[in-house]
Structure formats: structure tokens, C-alpha cells
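What follows is a single structure, written as C-alpha cells, with notes after it.
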Protein chains: 2
Amino acid sequence: MKNPILVPELRSLLKKKSFRVLESFLEEGHAKEIAEYIAMLNPDEIWRLLGLVDVHRRSEIFGYLDMDVQVEMVSGVMKKHIAELLMEMSHDDRADLFLHLEKDIADRILLHLPVSERSDVINLTSYHEGTIGAIMTTDYATLNEGDTVEKAIRKIRKDAPSKETIYYIYVTDDSNRLTGFVSLRKLILARPKQKIANLMKTEIIIAFADDDQEKAARLIDEYDLLALPIVDNSRRLLGIITYDDAIDILQEEQTEDLEKLMAISGGVEEKSYLEVPAIVHFRKRVFWVVLLGLLGLLTSLIVEEFRETLEALIILTFYMPLLNAAGGNTGSQSATVILRSLTLNELFPRDIMKVIRKEFTISLLLSICLAVVTYVRVYFFPGGTTIPGQFTLINVSLVISLSVGLQVLWSTIFGAIIPILATKLKIDPATVSSPLLTTFVDMVGVIIYFSVAKLLLGI
Amino acid sequence: MKNPILVPELRSLLKKKSFRVLESFLEEGHAKEIAEYIAMLNPDEIWRLLGLVDVHRRSEIFGYLDMDVQVEMVSGVMKKHIAELLMEMSHDDRADLFLHLEKDIADRILLHLPVSERSDVINLTSYHEGTIGAIMTTDYATLNEGDTVEKAIRKIRKDAPSKETIYYIYVTDDSNRLTGFVSLRKLILARPKQKIANLMKTEIIIAFADDDQEKAARLIDEYDLLALPIVDNSRRLLGIITYDDAIDILQEEQTEDLEKLMAISGGVEEKSYLEVPAIVHFRKRVFWVVLLGLLGLLTSLIVEEFRETLEALIILTFYMPLLNAAGGNTGSQSATVILRSLTLNELFPRDIMKVIRKEFTISLLLSICLAVVTYVRVYFFPGGTTIPGQFTLINVSLVISLSVGLQVLWSTIFGAIIPILATKLKIDPATVSSPLLTTFVDMVGVIIYFSVAKLLLGI
């Protein structure tokens, strides 16, 4: 913005009743920026400001306010214009607001809405979180097959202000079944007398209201759509998802995948890091920290089992951190690559054998590299370590580097297989977090290490 | 698609010259789906098929073919219609194709393009990879401030077929400087005689061609834009980025961040996991695996330093994996949360003190939980472990659980600070991978562990 008007200025302009200045401030700029500026005022002041612009712009700015502010603004004394504002809001944003209101306030406000809008809110708020139904919007434009282009454009001009998008227009029959769609671009280019039936596309990408929201977002991404129509089992049009919702979904899913991968549980918070209280952050992290801690304690039992081997050859202890790190790193790498390919639909569970073959080659190369490095370190730079008489340095070096190699080999393949198996078992593969994998790989690594030592050195 | 026509069918239809059937197949459905079907034919067959539809549809389908296929198709004998097709393609897709052609082929084809198109290609291919310039497109629609709505719509109808989007139209002055923009929605709603100057928005979100491509994508996401205008330092309009490009950029950046976080180096591959040769996968992973291995070997030196402590109290060895896991897990958690908040612009380096305060509270809670669990395990379930006479079980339990607590405390805070410091130092925070963090935290953890033991137990 060229001339940002700050909170004290806004207040004094309101006091001085400089409505002309305020109006042009509210009309210019992106609604999101305006919302950010006025959010710092109190609800009453915001109401007075929003009263200066038409209801369309008002609802647009209102929709960009933080959910807290929105809830506070409609939860106060019932204002006449609340109903008016709500009727103008995007249907998906409105449904979201109702989900955040207290039950009695929501009911009271619903009473002030016309029956059709009321049932729209009730309907849209009834879908489970995470499904397409829960985020779709019902304010799309529709046409009939029999309409001419001329008539269609007239209709769209009339409907436009209350529609989320008019760039894709859906064609439905008498029972509201989706039969086709036409873009505004195509309408603008067509001859006025042309029939919609001859213009529309009938091969349409669709999704169902019960599908996972990520599915809708992936379709929009894959086919470069502006909007995706959502239907029920009888192909009746229920709503649409627009590209901007798709971007938000993909961002949210990415955050969720990343957090799961790093052993943070619970869904994605709506608020930002600093706004979320420490105790909530703690709750999201403690489950896995303690669980993985318990698994770590299980590892301690395994190490304990090999007490005698350890006591006989203390040098083995020095390389335990290396062994753990090597397994954890390579396992996490392959798990990450496979997980991402599964998420992006570039890889499918049926490809498991191809993955194993490929990861075998990769891990063999990696394990040779790391085993050689380890051998060089142990054999050529033994430092002050004393090797008990019954063992030779070359044997000990071989045991350690062989263990590192084996650990890399199995960890890489294991890391790659796990997300695929999870997908096959219909478990979200991201739940198999990298720390869980690392901890498990550590545990097996200890067994590999001391078993190789016992076997080759006879301790 | 309702009636997928498979490769052999397509071939036999081509042989039988059933052009009517093929034409309707090519016209219906999404261009991406058509491209997927015909991609399996040979270049010559694809050319013959594409010849059946008008050049607009042809270029649309062509743009969805894999880059390999595109390159093969234009690299063969120079076909007359190549120039025609290239003139109709999205300017950004076209520039991308030229970047993949061999130099002499690109030059030969360029000669067949009109001068204006030629300089467009040369211009768009001149930007550095990763910048906005390298992915923007130049086929946008423009208007003058003085145009009336009537005239504007006539102009758009004429220009539409060759424009990437006509839903946002940019207003420029005589020197091509961006002065405003107007949406097609607004144009459709306006009175025919209204002047564009009175209709357009003048407060526009813009970006520069040299900016990082991620910046453009984030702006499109944040402001729910269909397209973002890209300008030079004099505010001259150079191109636009559309929402579908933004989605692709965000996906690619996410893959890159994830791979970096998991210690996989190099950029994101254009091809899918199975298409990338094992040796390339190996190269992307080996750098960090070996480097982290070397760091792991450094840790072995540190453990070696504490040889006497270890030999005096072998039980300490058993809990080393737990200590490593606890530090790695909590450090990775906090690093992930902070990294994601930085990426989404929800957190800024100036917030560092707030982050430290918050993470201190979180880590204190986590460390108490884990220390208690550890204490219970060591003290109440000592198993067959013998503690040498000079130590008591209670002391040893205290040392181990205190070390675990301290390790969690410092790792969590360290994990949170590192991405912030990296951002301050203008290093991509994702480069500070979780395995690097884990390895470093391990190293310090060993020092903490044995120092606490030495100090409290006097060994």
C-alpha cells in the first residue's frame, strides 16, 4: 500500500467522521491488507468502518479477518447487518465461521437468515473435517444446456456479485445433475446465439464430497483447474473447490506431512507458532518423545545383552554413535524420497519390487563408501586404543566397517519399504516418522554390530 | 474419460484414416489426459494426430507432453508446422522447451519464428533458473486507461485465444508501465461506456523478475491471486505468473525443503523416482552420508576420550543410544516447527528471543518427562547389571536421567535457534538438515553425558 493508515490514524479519522477518506482507504488495496490493518481496532470500530462500504466489499474484507476477530464481531449484541453480511459471504468461509461460534450464538444468528441460506450453512457444516464437503463452497454459477450464450452472459452478469467464481460455469439438468461445464473465456469468444449444449465440455474432472480434501487439491494441481465440481453418487452438483482453497490445502497437508515425519502428532494448528501456547506445542511433541524414549530404553536392554562382548572389546563402544547415525541417515533419506513420490502420485505400492531393486543398488554403493571410510579410520588411525591380545587390529577394523556397511544396506532398503507397506495397509505413510524409523534401525543396528563381532571375533 | 482409446486402437484408427473418430477423441477430455494417451505413439504418429485439430488445441495438448517427447518431436526433420505450433504455445512452456533443445536445433527453429516471437524466446530463456523471470509467461492481455469497457471486451475477444489468462487484464501506459489491473468479472459487470481508468485497481501486488520464484508463489497464495504481474525496476510490465505455476512452484519447493531436511543434496529432479537412474540417486545421497559418517567418526574420538569413565562403569554404555535418540528427536522436532513457520512467513528472525523463551518452557516439560521415565527404568528395573562397589544405584540413575534431561533441554533450544540463525546469515535454513543437527547433538550429548558422570560420580 502506498499510504498505509495506521490504527491511531484510523481511530482519529473515525472520530472526526472523515468518512470520505476512510471509504477510499477501504475501497482501494487488497481486502486482505485492509483486514490486517483494521484487525487491531475493537469490534465496534470495525463494524462502523465496514458500514462505509457496500455489503459485497464488506463481506470480502470481513472474510479475511482472523477467525478470532470474526467470532468476536458476530458474537456481540445481535446487529441487524450481521444477517446481511453473512448472506454475502463466501459460503465456505461462512460455514467455517459457524463452526467456530458457540452453539447458542450460532443458533440465534441462524434464525435471522432466510431458510435457504440457513440450510446451506447447516449442510456445509455437517461434513467431517478433512473431507472435501467440509471445505467446498456452494456459491457457484450454473446454466442450462438450452440457454444461448447471450442469455448465459446476462444471467452471469446478474449472479456474479454473489458467486465465488464466474470463470467456470457449471451446466446442470432439472435434477441438478452435472452435465457439463463452460469457461467464461469460451463464453466470451462464442457467438451470441450459440447454445450452451454445443459449447460445453462434457468430459469433466469431478470429485465426491466424502473424498479426502487432499484428493481435490491434487486434481486441481494436476489438471491446472480454476475450480473442481463436487458431486454426490448420483452426480448431483453439491459444491465447488476453487484453486485458492487447493493451494491452502496443499500447504496444510505439507505442514502435516512434515510434522508427522518429524514425530510431531496432532493436526496442523490454525494459529501461528508464536500464538500457540507452549503447553499445546508440548502436547504435540511429548507423545513421540516419550514413546521413542521407551524404545531407546529397549535398545539399552539389547546392548546390555552384549555386555560381555563390550567388556572384552571396549573399542566397539566408540563406534556405536557412527553405526546409529549411518543407519538413521540412510534410512531417513530413502524413506523421504519414497514418501514424497507416493504423495505426488509418481510411485504406487505395486512398484515395490522395482523400488527394492533400485534401493539395493543405491545402498550397496553407499555402504561401500561408508565402510571404506570407516576401515581407513579404524585401521590407519587407531590412536591410543589398545586392542586386547587375542584380537588383531585388522580383524577389529573389518568387523566395524562390515557392520557399518550392513547397517547402511538394510536401513536404506527398510526405509524405502516401510512407507510403501504403510500405504498398502492403508496407513498414512507419513505416520511412520523418521525418528521412529531411526530408533528401530538403531535397535537392529546394535544387534547386527555385536552379532558380527561375536561371529567373526569369537567373543 | 468415458471411452479411453488405447495405443493399438489409435494406431489402427490412424491407419484406417478414421479421422472423424480421432478428431472427436482429441477435442473432448482434458488436454493432459489426451497427452498421456498419445505420448506412447511415435513422434510421427503424434504429429499426424495433432494435425487433425486446430493449432490452438494442438499446442495445448503438445504442452502437456513430457519434455522428452516434446524435444524429440521438434528435433526431427524440420516440419513446416513446428513454427506455427510454437507461435501458439504458452510462452513459458515454449521457453522451457527451448532450454531443453540442443543449441543447433534451437537456433534452426528460432530462424523460422517471426522476429517478435524470436526475441520473446531469447528473452525468456535468459533468466537464471529459480528466478521469477525463468518461469513467467509473456502472453497476457493488456488495455489502455482510456479504453471503454465496450472496446476492452472487443479487444479481449480478439486476443483471448493466444493469452494464457484473460481473467486478469493489465493496464499499461505508453511506455508499457503497469498502472493498474481489472478482472474480467468486473468488466462483465461494468456499464459498456465506462472508462477502464475508473474501473481499474491501482494498488497492485507485484513482483520483480529477479526475485526468487518462491516469492511469487507465496504472494499468489497469500492474496488468492489468479495471476501476479512481474515488472522491472521502472515498473514496466515484463510478464505474469499464473496460479497453476504457483502451485507447481510450491510443490517443488516443498520437495526440495524436505530433501534438504533429510540430507539429500542437489535440486529436485524433473523425472519421477523410478525414471531417475540409481547412480543419480546415489550421487544425491552420498555427500551427506559420508560427511555425516566423518562427523560420526569424530564422535568416536570423543567417546574414546572418556575410555576410562566407560571402563569404570560399563552401564553408561547401555544408555548411549537413548541419549542420542532423545537429543536427535527433540532437536529435529523444534527445528521442523521453526523451519516451517519461517517458510510460511509466520515467524521472522527478529522473533528469536520469543522463540527461545517458548522453546525453553516446552523443552523443560519434555526433559522432565523423559528424565522421569529414564530414572524409573534405571533405578527400578536394574536387571542383571552389576554396579561397581564405589557407586550406588541411585547415583548412577540420577546421572543417567539428569544427562537425558539436559540433552533434551539443550537439543530442543539448539534445534529451534539454528534455522533462525541460518536465515539471519542468509543461508537457506533447510540446508541445516535434521541428520546434521542430530549428529552434532549426538556429539555434544556424549560430552554432556560423560562430563555429568565424571563430575557427580568422581570418575
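Quick one: what pairs do we get from segment A:160-174, first residue within 9 Å of chain B (Cβ to nearest Cβ), second part of a strand (DSSP E or B) and β-branched (V, I, T), C-beta under 6 Å, 6+ apart or different chains?
If the second residue must be part of a strand (DSSP E or B) and β-branched (V, I, T), the pairs left are A:A160/A:I166; A:T165/A:T242.
Where residues in segment A:398-430 are touching a helix residue (DSSP H, G or I) at 6+ places or on another chain (Cβ under 9 Å) and either on the phi > 0 side of the Ramachandran plot or assigned to a loop (DSSP other than H, G, I, E, B) (or both), which of them is modelled with the highest pLDDT?
Applying the filter and picking the extreme gives A:I427.
Check whether at least one residue in segment B:76-84 is within 14 Å of another protein chain (Cβ to nearest Cβ) and under 29 Å from B:G133 (Cα atoms), and report yes or no.
Within segment B:76-84, none of the residues are within 14 Å of another protein chain (Cβ to nearest Cβ) and under 29 Å from B:G133 (Cα atoms).
Within segment A:16-50, take every residue that is touching a helix residue (DSSP H, G or I) at 6+ places or on another chain (Cβ under 7 Å) and small (G, A, S) and give me the one that is modelled with the lowest pLDDT.
A:A39
If a residue must be in contact (Cβ under 8 Å) with a residue 12 or more places away in the chain and part of a helix (DSSP H, G or I), how many such residues does segment B:76-115 contain?
22
Quick test of your reading of the structure: A:T374 fulfils all but one of (1) free of Cβ contacts under 8 Å to residues at least 12 places away in the same chain; (2) part of a helix (DSSP H, G or I). Name the failing condition by number.
Result: A:T374 passes all but (1).
Consider segment B:348-367. How many of its residues are without any contact (Cβ under 8 Å) to a residue 40 or more places away in the chain and touching a helix residue (DSSP H, G or I) at 6+ places or on another chain (Cβ under 7 Å)?
Residues flagged as without any contact (Cβ under 8 Å) to a residue 40 or more places away in the chain and touching a helix residue (DSSP H, G or I) at 6+ places or on another chain (Cβ under 7 Å) within segment B:348-367 amount to 3.
From the list A:T431, A:T392, which one is out of contact with any strand residue (DSSP E or B) (no Cβ under 8 Å at 6 or more places or on another chain) and in contact (Cβ under 8 Å) with a residue 24 or more places away in the chain?
Only one candidate passes the filter, namely A:T431.
Restricting attention to segment A:447-456, does a residue exist that is farther than 16 Å from A:A312 by Cβ and either away from chain B (no Cβ under 14 Å) or without any contact (Cβ under 8 Å) to a residue 40 or more places away in the chain (or both)?
No: zero hits.
A:L425 versus (1) surrounded by fewer than 24 Cβ atoms within 10 Å (Cβ to Cβ); (2) within 12 Å of chain B (Cβ to nearest Cβ): which is the lone unmet condition?
If we test A:L425 against (1) surrounded by fewer than 24 Cβ atoms within 10 Å (Cβ to Cβ); (2) within 12 Å of chain B (Cβ to nearest Cβ), just (2) comes out false.
Report, by residue number, each residue of segment B:374-401 that is among the hydrophobic types (A, V, I, L, M, F, W, C) and crowded, with 20+ Cβ neighbours inside 10 Å.
Scanning segment B:374-401 gives B:V378, B:V396, B:V399, B:I400.
Do you know which residues across segment A:429-447 are of a type in the set (S, T, N, Q) and either surrounded by fewer than 22 Cβ atoms within 10 Å (Cβ to Cβ) or outside the structural domain of A:L409 (by TED's automatic domain parsing) (or both)?
Selection gives A:T431 alone.
Conditions (1) hydrophobic (A, V, I, L, M, F, W, C); (2) within 7 Å of another protein chain (Cβ to nearest Cβ); (3) closer than 30 Å to A:T439 by Cβ; (4) in contact (Cβ under 8 Å) with a residue 60 or more places away in the chain, marked per residue:
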| residue | (1), (2), (3), (4) |
| --- | --- |
| A:R235 | no, no, no, no |
| A:I241 | yes, no, no, yes |
| A:D245 | no, no, no, yes |
| A:E259 | no, yes, yes, no |
| A:S265 | no, no, yes, no |
| A:E270 | no, no, no, yes |
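Considering only residues of segment A:329-355 that are surrounded by fewer than 17 Cβ atoms within 10 Å (Cβ to Cβ) and of a type in the set (K, R), which is farthest from the other protein chains (Cβ to nearest Cβ)?
In this case the residue turns out to be A:R350.
What are the residues in segment B:307-327 that are farther than 12 Å from B:G445 by Cβ and either of a type in the set (G, A, S) or more than 7 Å from chain A (Cβ to nearest Cβ) (or both), if any?
B:E308, B:T309, B:A312, B:L313, B:I315, B:L316
Here is a check on your reading of the model: is B:E253 in contact (Cβ under 8 Å) with a residue 24 or more places away in the chain and under 26 Å from B:L342 (Cβ atoms)?
Taking the combined requirement at face value, the residue satisfies it.
Residue pairs, Cβ under 6 Å, 6 or more apart or interchain, first in segment A:129-145 and more than 16 Å from A:E164 (Cα to Cα), second of a type outside the set (V, I, T) and assigned to a strand (DSSP E or B). List them.
The qualifying pairs are A:I132/A:A207.
Taking the conditions exactly as written (within 30 Å of A:K215 (Cα to Cα), out of contact with any Asp or Glu (no Cβ under 9 Å at 6 or more places or on another chain) and surrounded by fewer than 14 Cβ atoms within 10 Å (Cβ to Cβ)), does A:K358 satisfy them or not?
When the stated conditions are applied, A:K358 does not pass them.
Looking at this structure, is B:Y319 buried (at least 24 other Cβ atoms within 10 Å of the Cβ) and in the same structural domain as B:T386 (by TED's automatic domain parsing)?
In short, yes.
Sort out which residues of segment A:58-73 are charged (D, E, K, R) and in contact with a helix residue (DSSP H, G or I) (Cβ under 7 Å, 6 or more places away or on another chain), and write them in order of number.
Within segment A:58-73, A:R58, A:E60, A:E72 meet the criteria.
If you go through segment A:146-165, how many residues are crowded, with 16+ Cβ neighbours inside 10 Å, more than 23 Å from A:H91 (Cα to Cα) and of a type in the set (D, E)?
1
Counting only residues that are closer than 21 Å to B:E308 by Cα and of a type outside the set (S, T, Y), which one in segment A:288-306 is farthest from the other protein chains (Cβ to nearest Cβ)?
A:F306
Just need a number here: residues in segment B:49-61 that are in contact with a Leu (Cβ under 6 Å, 6 or more places away or on another chain) and assigned to a helix (DSSP H, G or I).
Within segment B:49-61, residues that are in contact with a Leu (Cβ under 6 Å, 6 or more places away or on another chain) and assigned to a helix (DSSP H, G or I) number 2.
Would you check which residues across segment B:5-36 are without any contact (Cβ under 8 Å) to a residue 24 or more places away in the chain and either assigned to a helix (DSSP H, G or I) or touching a strand residue (DSSP E or B) at 6+ places or on another chain (Cβ under 6 Å) (or both) and list them?
Result: B:P8, B:E9, B:S12, B:L13, B:K15, B:R20, B:V21, B:S24, B:F25.
Out of the residues in segment A:103-137 that are among the polar types (S, T, N, Q) and in contact with a strand residue (DSSP E or B) (Cβ under 9 Å, 6 or more places away or on another chain), which is surrounded by the most Cβ atoms within 10 Å (Cβ to Cβ)?
Checked segment A:103-137; the qualifying residue surrounded by the most Cβ atoms within 10 Å (Cβ to Cβ) is A:T137.
Out of the residues in segment B:293-310 that are under 16 Å from A:V376 (Cβ atoms) and either at pLDDT 90 or above or of a type outside the set (S, T, N, Q) (or both), state the one that is farthest from the chain's Cα centre (by Cα).
B:L301
Just the residues that are in contact (Cβ under 8 Å) with a residue 60 or more places away in the chain and within 17 Å of A:V452 (Cβ to Cβ), please, taken from segment A:379-389.
Scanning segment A:379-389 gives a single hit, A:I387.
The values are calculated or read from the model by the stated rules, or taken from the named source; none is laboratory data. These numbers were taken from a predicted model, which means no experiment stands behind them. Reconstructed Cβ throughout: ideal geometry from the backbone, glycine too, with neighbour counts over all protein chains shown.
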